[in-house]
Amino acid sequence: MRKIFVISLLMILVVPFLSGCWNQKELTDLAFVMAMGFDKGENKKFEVSFQIVNPGNVSSGQNGAGQGLPIAVYKSAGNTLTEAARNATKMISRRLYYSHTNLIAISEEVARDGILDVMDALDRDPEFRTTTQIVVARHSTAEELVSALTNLDKLPVNKITKELKTTESMLGENTRVNIDDFLAGLVSNGKEPVVNGYIVKGNKEHIGRADDLQKSKTETFLEANGLAVFKNGKLTGWFEHEKARGVVYVLDKVQSTDINIPWNGKKHAITMAPIRSKTKVSVQVKNGKPIINIAIEDEGWISEANTDVDLTNPKVIEKIDKLVEKEIKQQVIESIKDAQKIKSDIFGFGEKVHRANPKLWKKLKGNWDNQFAELKVNVKVDSYVRREGIRTNPFWFNMNK
């Protein structure tokens, strides 16, 4: 009798876990949204573009698998993201599915007006991943960005996400930013977010054309371009090249890059490529005012030496180290000065002050924009050349003997 009771009890307890496929979704009923673009609307507040993958055309073989384009792009309008997404069902026969969305593209026009009205929907939807990356479409519309085709990666969205990863690890002028990162900077009292910029280069009339994929050199292509600086959820400026690299250095996200220095009167004669970089930011209080101290330590190798230089001489290596330190310091200082001009603390100095001295931060946070603009920042850089590649002295050295 006891055995029967135990079995019956176990069966009752197991029933809730045998719910079956109550929430099943057939693949043929879903439209997988890989990327979304937000533009300013005419009659409605937003125009939203949906880059939807065509699975049959992304199978084995060449781009499009010889059957058609790998993506389809649909656009709908709405005063909110929810309204625009539901209006899109008038044109799409399948249910929009966002679990595979890897990119959000926001036009420069929308970014300058502010993107707070779209962030809540992206953060609230349980299907949407907050690890999705964000970019600002620079000098083009977001629709153009998500509609452009690429001839190396079958899915254009993969081209952008992979490219950001590569340029972050090799160039050091960009850093991947997802929805979580942006929201963290947005809600912080002592930090403002930055977002990668992206442009469409070439003849925009060829965007989305299949014949462009048959060329070794396409008429249009996508390129990472600068860092968009935000303040209170609105785009307020751009940092490019060395100034963008200075921002990435302070944020301690430089993995590698190229630092060019002069030698023998020749500009860009020697290039040092960092292999390890570490940035530490500390706070010092003097006379009731915070002072930011930035310490950067770089280790790298000589990737180019296009001049007569003796790389076996320790004194020469020491001089190269000093020149590299000077160049990195200058890039960082210029980035900080430009950020102070627009009063946007993209470095998170306010957060550092808050953690180091909560009482002082309580006094400063109400007027932090002006405090940041006048903030004293000290930068110290230590750079070390660890190796010279597979040869020591360049052929220039032997030519002049």
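The values are calculated or read from the model by the stated rules, or taken from the named source; none is laboratory data. Quick caveat: nothing in here was measured; it's all calculated off a predicted structure. Note: ideal-geometry Cβ built from the backbone for every residue, glycine included; neighbour counts use all protein chains shown. Surface accessibility is based on the protein's heavy atoms, side chains included, excluding ligands, DNA and RNA. Shrake-Rupley method; radii C 1.70, N 1.55, O 1.52, S 1.80 Å.
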For this session: Using the structure shown, decide if residue 223 is among the charged types (D, E, K, R) and part of a strand (DSSP E or B).
Result: yes
Problem set entry | Residue list for region 67-109, filter: open to solvent by 10 Å² or more (accessible area, probe 1.4 Å) and part of a helix (DSSP H, G or I) | 81, 82, 83, 85, 86, 87, 89, 90, 108, 109
Seminar exercise, completed: In the set 150, 141, 218, 175, the lone residue that is of a type outside the set (Phe, Trp, Tyr), under 25 Å from residue 339 (Cβ atoms) and surrounded by 17 or more Cβ atoms within 10 Å (Cβ to Cβ) is 175
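Results for (1) closer than 30 Å to residue 270 by Cβ; (2) hydroxyl-bearing (Ser, Thr, Tyr); (3) touching a Phe, Trp or Tyr at 6+ places or on another chain (Cβ under 6 Å); (4) not in a helix (DSSP H, G or I), shown as yes or no for each residue.
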site	(1), (2), (3), (4)
160	no, no, no, no
169	yes, yes, no, no
183	no, no, no, no
191	no, no, no, yes
199	no, no, no, yes
211	no, no, no, no
238	yes, no, no, yes
245	yes, no, no, no
248	yes, no, no, no
Problem set entry | region 343-364 residues that are of a type in the set (Val, Ile, Thr), paired with ones that are open to solvent by 50 Å² or more (accessible area, probe 1.4 Å) (beta carbon under 8 Å, 6 or more apart) | 346/191
Exercise. Does residue 332 satisfy the criteria of being open to solvent by less than 20 Å² (accessible area, probe 1.4 Å), modelled with pLDDT of 90 or more, of a type in the set (Val, Ile, Thr) and farther than 14 Å from residue 246 by Cβ?
Worked result: no
For this session: Can you work out which of the residues in region 10-56 that are at pLDDT below 70 and within 30 Å of residue 148 (Cβ to Cβ) is least open to solvent (accessible area, probe 1.4 Å)?
Result: 25
Exercise. Got a sec? Which strands (runs of 3 or more DSSP E) wholly within region 253-366 have at least 2 residues that are aliphatic (A, V, I, L, M), over 20 Å from residue 388 (Cα atoms) and in contact with a Ser or Thr (Cβ under 9 Å, 6 or more places away or on another chain)?
Worked result: 289-305
Exercise. Counting only residues that are of a type in the set (Lys, Arg) and in contact (Cβ under 8 Å) with a residue 60 or more places away in the chain, which one in region 223-268 is surrounded by the fewest Cβ atoms within 10 Å (Cβ to Cβ)?
Worked result: 234
For this session: Scan 201, 217 and give me the residue that is free of Cβ contacts under 8 Å to residues at least 12 places away in the same chain and more than 27 Å from residue 352 (Cα to Cα).
Result: 217
For this session: Considering only region 355-401, state which residues are aromatic (Phe, Trp, Tyr), modelled with pLDDT of 90 or more and open to solvent by 70 Å² or more (accessible area, probe 1.4 Å).
Result: 384
For this session: From the list 130, 150, pick out the single residue that is in contact (Cβ under 8 Å) with a residue 60 or more places away in the chain and in a loop (DSSP other than H, G, I, E, B).
Result: 150
Exercise. If only one of 107, 60, 76, 93 is closer than 28 Å to residue 43 by Cα, at pLDDT below 85 and of a type outside the set (A, V, I, L, M), which one is it?
Worked result: 93
